[in-house]
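The next block holds one structure in the form of structure tokens; read it before the comments.
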């Protein structure tokens, strides 16, 4: 019975999502980007670090679909491999932030009292520091690398997930089924993991979807200033940074990865809006 209700709910969400054409287009774009990232070694004509010095700054052709950069590296191949690194930055950073944020928010919302006050005041201090400034500081302390940029992004975006989870848990914990669990002396960890978190995930799913786009953009920014992916990794932000010196002579070198970042971030935001409306039709404009 419970499985049937879940399947029915999923079908209802999918039906609501399908009515939002922009969200469906965004979902298709994201699926394509994910497939491209997974199959990058198969799809890309060349390895992202493969150099052809004699073909430096070659124009688009059958050999190089989007031309080459100053080292003769194929731009099309680097964009394909770049989807793997840029998407992984967004997804892994959000996974780190969501796991920590959901845990903190669930504990704060469920127990309340001094536990809630202590955790929320800590987050108040945390959020008083501009997010990107904190990311830059952590990335600089940890050292410039793709892995450290992901860790910095994950740590810096925890408060948003914690606050959303706490707000939802405050409502869910008053439900009758939670009182019934307490009445049979169910342990707090069981209540939180089996009943509180699953029933408080709807707004978190929306935040995760939009958060991936934000982390892709922030990750590209870290790479642009030299604190993210390092050469020769073809992360989109790093590609834009490499093209700064020839922006007037070869603007396409920064334009192509910029468009990729825009598409990924815009798709995440549009899909997040669609999921928000599908998960709670009352919020639909």
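Looking at (1) modelled with pLDDT of 90 or more; (2) closer than 30 Å to residue 195 by Cα; (3) out of contact with any helix residue (DSSP H, G or I) (no Cβ under 8 Å at 6 or more places or on another chain), which is the only condition residue 101 fails?
Result: residue 101 passes all but (3).
Within the range 72-91, how many residues are within 13 Å of the chain's Cα centre (by Cα) and under 16 Å from residue 254 (Cβ atoms)?
1
State whether one or more residues within the range 220-227 are free of Cβ contacts under 8 Å to residues at least 40 places away in the same chain, farther than 23 Å from residue 32 by Cβ and exposed (fewer than 13 other Cβ atoms within 10 Å of the Cβ).
No, the range 220-227 contains no residue that is free of Cβ contacts under 8 Å to residues at least 40 places away in the same chain, farther than 23 Å from residue 32 by Cβ and exposed (fewer than 13 other Cβ atoms within 10 Å of the Cβ).
Yes/no matrix, rows are residues, columns are (1) farther than 21 Å from residue 237 by Cβ; (2) in contact (Cβ under 8 Å) with a residue 60 or more places away in the chain; (3) in contact with a helix residue (DSSP H, G or I) (Cβ under 7 Å, 6 or more places away or on another chain); (4) not in a loop (DSSP other than H, G, I, E, B):
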| position | (1), (2), (3), (4) |
| --- | --- |
| 35 | yes, no, no, yes |
| 42 | yes, no, no, yes |
| 45 | yes, no, yes, no |
| 49 | no, yes, no, no |
| 60 | yes, no, no, no |
| 76 | no, no, no, yes |
| 79 | no, yes, yes, yes |
| 84 | no, no, yes, yes |
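Any residue at all in the range 181-196 that's farther than 26 Å from residue 123 by Cβ and touching a helix residue (DSSP H, G or I) at 6+ places or on another chain (Cβ under 6 Å)?
yes
Go over the candidates 200, 238 one by one and state the one that is over 25 Å from residue 144 (Cβ atoms) and crowded, with 23+ Cβ neighbours inside 10 Å. Outline the logic, then answer.
On the way: 238 fails: over 25 Å from residue 144 (Cβ atoms).
None of the others qualify; the one that does is 200.
Given the conditions (1) buried (at least 19 other Cβ atoms within 10 Å of the Cβ); (2) farther than 17 Å from residue 210 by Cβ; (3) modelled with pLDDT of 90 or more, and given that residue 162 satisfies all but one, which numbered condition is not satisfied?
(2)
Looking only at residues that are touching a residue at least 60 places away in the same chain (Cβ under 8 Å), part of a helix (DSSP H, G or I) and over 15 Å from the mean Cα position of the chain (by Cα) in the range 239-265, which one is farthest from residue 75 (Cα to Cα)?
Among those that are touching a residue at least 60 places away in the same chain (Cβ under 8 Å), part of a helix (DSSP H, G or I) and over 15 Å from the mean Cα position of the chain (by Cα), it is 246.
Scan (1) touching a helix residue (DSSP H, G or I) at 6+ places or on another chain (Cβ under 6 Å); (2) under 26 Å from residue 232 (Cα atoms) for the single condition residue 55 breaks and write down its number.
Single failed check for residue 55: (1).
Which residue out of 64, 110, 57 is more than 21 Å from residue 188 (Cβ to Cβ) and crowded, with 16+ Cβ neighbours inside 10 Å?
Details: 110 fails: more than 21 Å from residue 188 (Cβ to Cβ); 57 fails: crowded, with 16+ Cβ neighbours inside 10 Å.
Being more than 21 Å from residue 188 (Cβ to Cβ) and crowded, with 16+ Cβ neighbours inside 10 Å holds for just one of 64, 110, 57, which is 64.
The values are calculated or read from the model by the stated rules, or taken from the named source; none is laboratory data. As the structure is a prediction and not an experimental result, all values here were calculated from the model. Cβ sites come from the backbone with ideal geometry, for glycine too, and all protein chains shown count toward neighbours.
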